[in-house]
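Asker: One structure follows; several queries about it will come next.
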Amino acid sequence: MKEKEVKIELPEEIYTLINWHEDGLPGVGVLNSSLKDFEHQYIFSWHLTVVIYFEELIENGMPSIEEREIVDPFGDKLEKDIKAGGNALFLIRETWNGTRSLIWRVYDPEIADQHLKNINKYNQYPRQFNWHMSQDLNWEKAQWHFDQLENNNQDKVH
């Protein structure tokens, strides 16, 4: 039986800055709010989280400028590579408690997982990181982030 091919138009990314507090520490996120009402969520049924561990921190578990200059290019490259070919949609970049979490919604988990395994195998990362991916058909894991849109501490950025 041949798989049904579906063509969809990926939504233009609209970034919303969100702020929160958890365990007494501030969190900052840049959320792709265009995914909240994305019609074809079922196609991107895998929830991928990559967590990068900062080494140089300033107050409240936030990274120093120098640390961001090391980690940000790695995160940018991950985003480009994970999204390549339309295999994933960027959901959010979060900074909280000495970590940076990058989260995507993924179509084919094997492609993303193999890419991350290769980065790990060949030590192509500036800071320790790990990842977790699980199927999330109803986007329940993404819902917390969308719930933050109701918070008054948000700003749209493009």
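The values are calculated or read from the model by the stated rules, or taken from the named source; none is laboratory data. No experiment lies behind these values; they were computed from the predicted model shown. Neighbour counts are summed over all protein chains in view; Cβ atoms, including those assigned to glycine, are modelled from backbone coordinates with ideal geometry.
Asker: Regarding Lys80, is this residue surrounded by fewer than 16 Cβ atoms within 10 Å (Cβ to Cβ), within 22 Å of Glu110 (Cα to Cα) and either over 18 Å from the mean Cα position of the chain (by Cα) or touching a residue at least 60 places away in the same chain (Cβ under 8 Å) (or both)?
Answerer: The answer is no for Lys80.
Asker: When you scan segment 17-29, do you find a residue that is crowded, with 16+ Cβ neighbours inside 10 Å, among the β-branched types (Val, Ile, Thr) and at pLDDT below 95, even just one?
Answerer: Looking for residues that are crowded, with 16+ Cβ neighbours inside 10 Å, among the β-branched types (Val, Ile, Thr) and at pLDDT below 95, one finds at least one in segment 17-29, hence yes.
Asker: Let me spell it out: the conditions are (1) hydroxyl-bearing (Ser, Thr, Tyr); (2) farther than 23 Å from Ser134 by Cα; (3) within 14 Å of the chain's Cα centre (by Cα), and Ser33 meets all of them except one. Which number is the exception?
Answerer: Unmet for Ser33, out of (1) hydroxyl-bearing (Ser, Thr, Tyr); (2) farther than 23 Å from Ser134 by Cα; (3) within 14 Å of the chain's Cα centre (by Cα): (2).
Asker: Pick out the one residue from Leu91, Leu102, Leu149 that is within 29 Å of Glu5 (Cα to Cα), of a type outside the set (D, E, K, R) and in contact (Cβ under 8 Å) with a residue 60 or more places away in the chain.
Answerer: The unique qualifying residue is Leu91.
Asker: Determine whether Trp96 is in contact with a Leu (Cβ under 7 Å, 6 or more places away or on another chain), surrounded by 13 or more Cβ atoms within 10 Å (Cβ to Cβ) and of a type outside the set (D, E, K, R). If you could, list the steps in order and put the result at the bottom.
Answerer: Values: in contact with a Leu (Cβ under 7 Å, 6 or more places away or on another chain): yes; surrounded by 13 or more Cβ atoms within 10 Å (Cβ to Cβ): yes; of a type outside the set (D, E, K, R): yes.
Answer is yes for this residue.
Asker: Residues that are among the β-branched types (Val, Ile, Thr) and either modelled with pLDDT of 90 or more or surrounded by 15 or more Cβ atoms within 10 Å (Cβ to Cβ) (or both): does segment 109-119 have at least one?
Answerer: The answer is yes; a qualifying residue exists.
Asker: May I pose another question? Scanning segment 122-158 for residues that are assigned to a loop (DSSP other than H, G, I, E, B) and at pLDDT below 95, which turns out surrounded by the most Cβ atoms within 10 Å (Cβ to Cβ)?
Answerer: Asn153
Asker: Consider Leu35 against the criteria (1) touching a residue at least 40 places away in the same chain (Cβ under 8 Å); (2) surrounded by 13 or more Cβ atoms within 10 Å (Cβ to Cβ); (3) more than 21 Å from Asp136 (Cα to Cα): it satisfies all of them except one. Which criterion is unmet?
Answerer: Here Leu35 clears every test but (3).
Asker: Would you check which residues across segment 38-73 are among the acidic types (Asp, Glu) and in contact (Cβ under 8 Å) with a residue 60 or more places away in the chain and list them?
Answerer: Within segment 38-73, Glu55 is the sole residue that qualifies.
Asker: Another question about this same structure. So the check is Cβ under 8 Å with 6+ separation or different chains; which pairs have a first residue in segment 4-18 that's touching a residue at least 60 places away in the same chain (Cβ under 8 Å) and closer than 15 Å to Ile103 by Cα and a second one that's in a loop (DSSP other than H, G, I, E, B) and of a type in the set (S, T, N, Q)?
Answerer: Ile18/Asn151; Ile18/Asn153
Asker: Does segment 54-69 hold any residues that are surrounded by 13 or more Cβ atoms within 10 Å (Cβ to Cβ) and either under 21 Å from the mean Cα position of the chain (by Cα) or on the phi < 0 side of the Ramachandran plot (or both), and which are they? If you could, list the steps in order and put the result at the bottom.
Answerer: As a first pass, look at segment 54-69 and keep what is surrounded by 13 or more Cβ atoms within 10 Å (Cβ to Cβ): 54-57, 60-64, 67-68.
Matches in segment 54-69: Phe54, Glu55, Glu56, Leu57, Gly61, Met62, Pro63, Ser64, Glu67, Arg68.
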